[in-house]
Amino acid sequence: MKKNKKDAKPEVQKTKNVRQENNRNQGTLQKLRIKMPQSKLFSFGIKILVWFLIFFITLIIVDYAVQYINYRSSAAIVNGEKISQKDFYNKLQDIYGEGISEAMIEEVLIYQEAEKRNISISDDDLDKRIRDLQQAAGGKDKFDEMLKQNADTEDEFREKTRLSMTIEKIIGDIEVTDDDKQQYYETYKGTLFTPEGETLAYEDVEDSIEVWLKEEKFDQEYQKWIADVKKNSVIVNNIKNPKDIEFLGVTRSFIKELMDKEEK
């Protein structure tokens, strides 16, 4: 039985649609074939980049570690042999440790006493003292050169000056009488000469003698004061008198202190 023309048209259209769908599918497959190699190349590039970053970060860590070992954990390197920071500080402690620890203890005691007496040094007073010292040294340039020679920074010198001024306020004014100056001159005039070798007259050195005597008396008064403060303070100097760790050491010390107080 023959198909009419109307029935034939849908069949032709259907065939065209199938053919077009097949063409689209083939085009998609072709695109995937083209993209697959590019995707693998991109993935490979990412892996290379990641490995490079890991290598670079590891290099940085190793480099810093070597620098730390060479420059921070060692005090010096002599022909490849290292002097450790620990050995360096142990040597410093053996030679200077006791003196440094005592100086630091005294500094704490000074500022504790200043706080009790409500003593403080204003920045204006400190600046004025430093300007006076700069003038006495012959100007700021010479003063800065003096700091370099003493291995002092400006900030360190300011703190030292503040400490000295605090001590001065604690100790108070030092008086020197005319008799003190005359007696000093008579005692040491045999050592006071002009460049030509002549003995200096009393009037020529009176002001200098007053300065020397004030410094001497001030030091004596300070030594008496700081000795008395230390005597009445509870100080544990682990540098001067290192202690071993003992079984229940803190508890035993606490009980001993209580018993000593009861006895008093």
Of residues in the range 160-195 being part of a helix (DSSP H, G or I) and of a type in the set (S, T, N, Q), the one modelled with the lowest pLDDT: 191
Among (1) in contact with a strand residue (DSSP E or B) (Cβ under 9 Å, 6 or more places away or on another chain); (2) closer than 30 Å to residue 94 by Cα - the single one residue 199 does not satisfy: (2)
Residues of the range 165-212 satisfying the condition of being under 46 Å from the mean Cα position of the chain (by Cα), small (Gly, Ala, Ser) and surrounded by 12 or more Cβ atoms within 10 Å (Cβ to Cβ): 208
Test set (1) touching a helix residue (DSSP H, G or I) at 6+ places or on another chain (Cβ under 8 Å); (2) closer than 24 Å to residue 119 by Cα; (3) of a type in the set (A, V, I, L, M) - residue 234 fails condition number: (1)
Counted residues, the range 131-159 - those being among the charged types (D, E, K, R) and assigned to a loop (DSSP other than H, G, I, E, B): 1
Residue within the range 196-217 that is part of a helix (DSSP H, G or I), touching a residue at least 24 places away in the same chain (Cβ under 8 Å) and farther than 20 Å from residue 164 by Cα present: yes
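The values are calculated or read from the model by the stated rules, or taken from the named source; none is laboratory data. All figures in this text were calculated on a predicted structure; none of them were measured in a lab. Don't worry about glycine lacking a Cβ; one is built from the backbone with ideal geometry, like all the others, and counts go over all protein chains shown.
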